[in-house]
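Colleague: For reference, the structure I am asking about is given below.
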Amino acid sequence: MNLDRRDFIKVLSTGVLAAAGAEKALAAEVDRYKRSPEAVGILYDATICVGCKACEIGCKQANNLPVEHSGLDEYHGVQNIWDSAKDTSPNSYIKIKVHKDSSTAKKDQFENGYSFMRTACMHCIDPDCVSVCPTSALIKDPVTGIVSWDIDACCGCRYCQMACPYLIPKFEYDKAFPKIEKCFMCSHRVKDGGIPGCAEFCPTGATLFGKFADILEEAKKRLTLAEGAEYSYPQHTLDSGKQTPKKAAKYIQYVYGEKDGGGTQYIILSAVPFEKLGLPKLPDHSSASKSEGLQHTIYKGMIAPAVVLAGLAVAAYRSTNQEEKEG
Amino acid sequence: MENLQPLGGKIWTKPFKVLTLLAVIGGIFIAKRFIFGIGSVTNLSDGYPWGLWIVFDVVTSTALACGGYAMAMLVYIFNKQEYHPLVRSALVASIFGYTLAGLAIFIDVGRYWQLYNVFIPPYLNVNSVMFEVASCIALYVLIMWIELSPAWFKQRYGKVPGWLNKIMFFIIAIGVLLPTMHQASLGGLMIAMGEKLSPLWQTQFIPALFLITAITLGYAMVVFESIFSANQFGRPVEMKMLSKLSRFIPFLTIAFLVLRFGVIAFNGDLGLIFRFDLAALMFVIETVLFVFPVVILWKPENRQKINNLFRAAVFFVIAGVLYRFDTFIIVFNPGHGYRYFPAFQEIMITVGIIALEIMLYMIFVKRLPIFPQVKHA
């Protein structure tokens, strides 16, 4: 083999490698994270939710959050009587909303019907908020998978809010020393073997807390139920012993959150199409995996920037020297 | 090497007084923001957490301040020494654009007292595009002040220290590398926003598109500022240099348009342009604005007229600014019924910061050797 050919092969293989690198850079980083075997999660089944909002109160009690007023209570002629936040906020980590069509004749159907939906942090497998946070203030627990916020780290740049596809992190715009607030799945209770306030207060089992693998299995089991089949829906947790007997609704054959946006630990079942419940249609990878894929390729080992800098330095050295001679 | 000298003249002029007033008003609202919170002066919300301050003061104003970077690349990297007289005034404009972007970040972030966490372990997060942007911008501001320091040394001591001249080539090299990285990353910030941004903007090539427009904005701003300050300070326009420089604007714009349309076509999203929604409308307006400077400056003879240069530069600046506003605010759609238009006080803070920027520029060019000596006089 002569030298020229060897060089040619070298150049060719470099080109192929570069092209492969580019291909990789443009694709999302796949399978970045898997749910830990100890991961916890919540299954929300909109078909058995009665919209009582006990979960909201359970959440406020578990987290010492103040009652909120939006004017909705004043409209009904009372004041400071009940909690009436319109959406999740710095003081309301979860929110039950009703999504309805023209009338509310029948529950769990979209046309001429309605469904409840419970908005809260989805505790993504590959959370965009964690990826984009420049100060690592959002942290995903490696064991439980709970995404929480660190008050000592956050600089308040609100990139997490920009990136979250579910608009979950909330910022205290009216405070001089603001915080980011969101559901952290009552990690202070979970760590001692407890369950989140919402799951504790839910009277029907619509909010069900458990090991992620177990609740996913439960969700898939429910999808096999025929419409109208009798089923005993477990309350609070799978093994609490308490159950709500009820006829199964006509489920949409999809577990929202199993794969959406790379997967979440809060998963949802419904009889009304998920996009009607305000849930975004997402690819099965997170956006963060795309931006990190690009970033990691360009800055791998800081080799590319170092090579560019060296080239720039040589060029600048030549022209500044020339300038001195002329000057 | 050409002779640079201070322009001299009075500082406390009428325009300067107006600017002072605007800066003071902005200052009062800034004080209000620190006492009563960001919500007391802005219309920012949980759906639009980034508004005018981030998008204009940081993303756009640093791109408009790319003159120093674009000229340094031309003169020192591609060794086009004929443009050397334009370098220092471009650098001064860039310094204030960037330095005040730093100030704007400080006002915008909610928990500014912990802002340094971006740079220190265990908090810094190399996975965040924001880390890349923040560290490159901070370092670049420092680099630019070093690049300008010879002007001050010369004014104060009559000569520049030898060691500074010796390391300057390396400072210049870093000063070209850093903006290349962070101007691309400013676009890269948006990749994490995923589905919230229309595929007409949201592509994997958004960093490249931001970088190309930033460099072009650099040249457009040099043309604009040169003509404007020649007019303002009663100096002759460096016509020959500017008309030659201005040819980079159409070339780079075409590269931008080809890449942009190519990627959209490759992704199979060209149909979105014909949808008659807000995104489609803004896309068409942007494209028309980008095409204008190409048409105006395409023929070499058109580049000989000062009016054409000025017009093309202004069009490109508008196009480049709109591209950034579309990406971050106008076409950015968080859903759930959120809307955003900046509040009056929010706008006045940005106006105040721009006023301060121009004031500092005027003081610097009048007191330090920034502009080349006028030879005829």
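The values are calculated or read from the model by the stated rules, or taken from the named source; none is laboratory data. Computed from a predicted model, the values in this text were never measured in an experiment. Backbone-built Cβ (ideal geometry, glycine too); neighbour counts: all protein chains shown.
Colleague: Test of understanding: among A:Cys155, A:Cys121, which residue is free of Cβ contacts under 8 Å to residues at least 24 places away in the same chain and hydrophobic (A, V, I, L, M, F, W, C)?
Modeller: The match here is A:Cys155.
Colleague: Please note which helices (runs of 4 or more DSSP H) are completely contained in region A:1-96 and include at least 3 residues that are at pLDDT below 85, among the acidic types (Asp, Glu) and not assigned by TED's automatic domain parsing to the domain that holds A:Tyr266.
Modeller: So the answer is A:3-26.
Colleague: Mind checking which residues of region B:280-312 are closer than 17 Å to B:Ala63 by Cβ and either touching a Ser or Thr at 6+ places or on another chain (Cβ under 9 Å) or surrounded by fewer than 17 Cβ atoms within 10 Å (Cβ to Cβ) (or both)?
Modeller: B:Phe290, B:Pro293
Colleague: Regarding B:Leu142, is this residue more than 10 Å from chain A (Cβ to nearest Cβ) and either free of Cβ contacts under 8 Å to residues at least 12 places away in the same chain or not in a helix (DSSP H, G or I) (or both)?
Modeller: So B:Leu142 fits the description; yes.
Colleague: Quick one: in region A:95-124, of everything that is of a type outside the set (S, T, N, Q) and surrounded by 23 or more Cβ atoms within 10 Å (Cβ to Cβ), which residue is farthest from A:Phe201 (Cα to Cα)?
Modeller: If we take residues in region A:95-124 being of a type outside the set (S, T, N, Q) and surrounded by 23 or more Cβ atoms within 10 Å (Cβ to Cβ), then A:Cys124 is farthest from A:Phe201 (Cα to Cα).
Colleague: Starting from region B:349-375, take each residue that is over 19 Å from B:Ile28 (Cα atoms) and list its partners that are of a type in the set (Lys, Arg), counting only C-beta distances under 8 angstrom and pairs at least six apart or across chains.
Modeller: Here the result reads B:Pro369/B:Arg88; B:Pro369/B:Lys154; B:Ile370/B:Arg88; B:Phe371/B:Arg88; B:Phe371/B:Arg235; B:Val374/B:Arg235, each pair linking region B:349-375 to a residue that is of a type in the set (Lys, Arg).
Colleague: Can you tell me which residue among A:Ile298, A:Ile268, A:Ile303 is of a type outside the set (Gly, Ala, Ser), on the phi < 0 side of the Ramachandran plot and touching a Leu at 6+ places or on another chain (Cβ under 8 Å)?
Modeller: Result: A:Ile268 is the single residue among A:Ile298, A:Ile268, A:Ile303 that is of a type outside the set (Gly, Ala, Ser), on the phi < 0 side of the Ramachandran plot and touching a Leu at 6+ places or on another chain (Cβ under 8 Å).
Colleague: When you check B:Leu217 against the structure, is it buried (at least 20 other Cβ atoms within 10 Å of the Cβ) and under 24 Å from B:Ile318 (Cβ atoms), yes or no?
Modeller: yes
Colleague: Going by the structure shown, is B:Thr20 in a helix (DSSP H, G or I) and either within 14 Å of another protein chain (Cβ to nearest Cβ) or within 24 Å of the chain's Cα centre (by Cα) (or both)?
Modeller: When the stated conditions are applied, B:Thr20 passes them.
Colleague: Only one of (1) more than 27 Å from A:Ile298 (Cβ to Cβ); (2) at pLDDT 95 or above is not met by B:Phe210, so which one is it?
Modeller: (1)
Colleague: Out of region A:124-137, which residues are closer than 27 Å to B:Cys136 by Cβ and touching a residue at least 40 places away in the same chain (Cβ under 8 Å)?
Modeller: A:Asp126, A:Pro127, A:Asp128, A:Cys129, A:Val130, A:Ser131, A:Val132, A:Ala137
Colleague: Given the criteria outside any helix (DSSP H, G or I), buried (at least 20 other Cβ atoms within 10 Å of the Cβ) and within 26 Å of the chain's Cα centre (by Cα), does B:Phe315 qualify?
Modeller: no
Colleague: Here's a follow-up. So which of B:Gly218, B:Gly262, B:Gly234 ends up being within 30 Å of B:Ile363 (Cβ to Cβ) and either of a type in the set (A, V, I, L, M, F, W, C) or in a helix (DSSP H, G or I) (or both)?
Modeller: That would be B:Gly218, the only listed residue that is within 30 Å of B:Ile363 (Cβ to Cβ) and either of a type in the set (A, V, I, L, M, F, W, C) or in a helix (DSSP H, G or I) (or both).
Colleague: Could you identify the single residue in A:Cys202, A:Cys160, A:Cys155 that is within 23 Å of A:Gly262 (Cβ to Cβ), buried (at least 24 other Cβ atoms within 10 Å of the Cβ) and assigned by TED's automatic domain parsing to the domain that holds A:Gln243?
Modeller: Among A:Cys202, A:Cys160, A:Cys155, only A:Cys160 is within 23 Å of A:Gly262 (Cβ to Cβ), buried (at least 24 other Cβ atoms within 10 Å of the Cβ) and assigned by TED's automatic domain parsing to the domain that holds A:Gln243.
Colleague: Let me ask something else about it. Look at region B:104-125 and say how many of its residues are of a type in the set (D, E, K, R) and free of Cβ contacts under 8 Å to residues at least 40 places away in the same chain.
Modeller: Result for region B:104-125: 1.
Colleague: Identify, from the list B:Thr327, B:Thr350, the residue that is within 18 Å of the chain's Cα centre (by Cα), within 27 Å of B:Phe251 (Cα to Cα) and at pLDDT 95 or above.
Modeller: Checking each option against the conditions leaves just B:Thr327.
Colleague: Determine if region B:108-116 includes at least one residue that is more than 14 Å from every other protein chain (Cβ to nearest Cβ), surrounded by 22 or more Cβ atoms within 10 Å (Cβ to Cβ) and not in a helix (DSSP H, G or I).
Modeller: Within region B:108-116, not a single residue is more than 14 Å from every other protein chain (Cβ to nearest Cβ), surrounded by 22 or more Cβ atoms within 10 Å (Cβ to Cβ) and not in a helix (DSSP H, G or I).
Colleague: Within region B:194-206, can you find the residues that are more than 7 Å from chain A (Cβ to nearest Cβ) and without any contact (Cβ under 8 Å) to a residue 24 or more places away in the chain?
Modeller: Across region B:194-206, the qualifying residue is only B:Gln202.
Colleague: Give the number of residues within region A:159-179 that are outside any loop (DSSP other than H, G, I, E, B), more than 7 Å from every other protein chain (Cβ to nearest Cβ) and in contact (Cβ under 8 Å) with a residue 40 or more places away in the chain.
Modeller: Residues meeting the conditions: 0.
Colleague: I'm checking my understanding of the structure. Among residues of region B:42-59 that are of a type in the set (Val, Ile, Thr) and more than 10 Å from chain A (Cβ to nearest Cβ), which one is surrounded by the most Cβ atoms within 10 Å (Cβ to Cβ)?
Modeller: If we take residues in region B:42-59 being of a type in the set (Val, Ile, Thr) and more than 10 Å from chain A (Cβ to nearest Cβ), then B:Val59 is surrounded by the most Cβ atoms within 10 Å (Cβ to Cβ).
Colleague: Among B:Leu148, B:Leu124, which is surrounded by fewer than 22 Cβ atoms within 10 Å (Cβ to Cβ) and within 11 Å of chain A (Cβ to nearest Cβ)?
Modeller: That would be B:Leu124, the only listed residue that is surrounded by fewer than 22 Cβ atoms within 10 Å (Cβ to Cβ) and within 11 Å of chain A (Cβ to nearest Cβ).
Colleague: If the Cβ limit is 9 Å and pairs must be 6+ apart or interchain, which residue in region B:226-243 that is in contact (Cβ under 8 Å) with a residue 60 or more places away in the chain pairs with which residue that is surrounded by 15 or more Cβ atoms within 10 Å (Cβ to Cβ) and among the acidic types (Asp, Glu)?
Modeller: Once the first residue is in contact (Cβ under 8 Å) with a residue 60 or more places away in the chain and sits in region B:226-243, its partners that are surrounded by 15 or more Cβ atoms within 10 Å (Cβ to Cβ) and among the acidic types (Asp, Glu) give B:Ser226/B:Glu238.
Colleague: Then there is this: From B:Ala101, B:Ala90, B:Ala63, which residue is buried (at least 19 other Cβ atoms within 10 Å of the Cβ) and either without any contact (Cβ under 8 Å) to a residue 24 or more places away in the chain or over 29 Å from A:Leu138 (Cβ atoms) (or both)?
Modeller: B:Ala90 is the lone residue from the list that is buried (at least 19 other Cβ atoms within 10 Å of the Cβ) and either without any contact (Cβ under 8 Å) to a residue 24 or more places away in the chain or over 29 Å from A:Leu138 (Cβ atoms) (or both).
Conditions (1) more than 10 Å from chain A (Cβ to nearest Cβ); (2) within 26 Å of B:Val58 (Cβ to Cβ); (3) part of a helix (DSSP H, G or I), marked per residue:
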{"residue": "B:Asn165", "(1), (2), (3)": "no, no, yes"}
{"residue": "B:Phe170", "(1), (2), (3)": "no, no, yes"}
{"residue": "B:Thr180", "(1), (2), (3)": "no, yes, yes"}
{"residue": "B:Ala184", "(1), (2), (3)": "no, yes, yes"}
{"residue": "B:Ala192", "(1), (2), (3)": "no, yes, yes"}
{"residue": "B:Ile212", "(1), (2), (3)": "yes, yes, yes"}
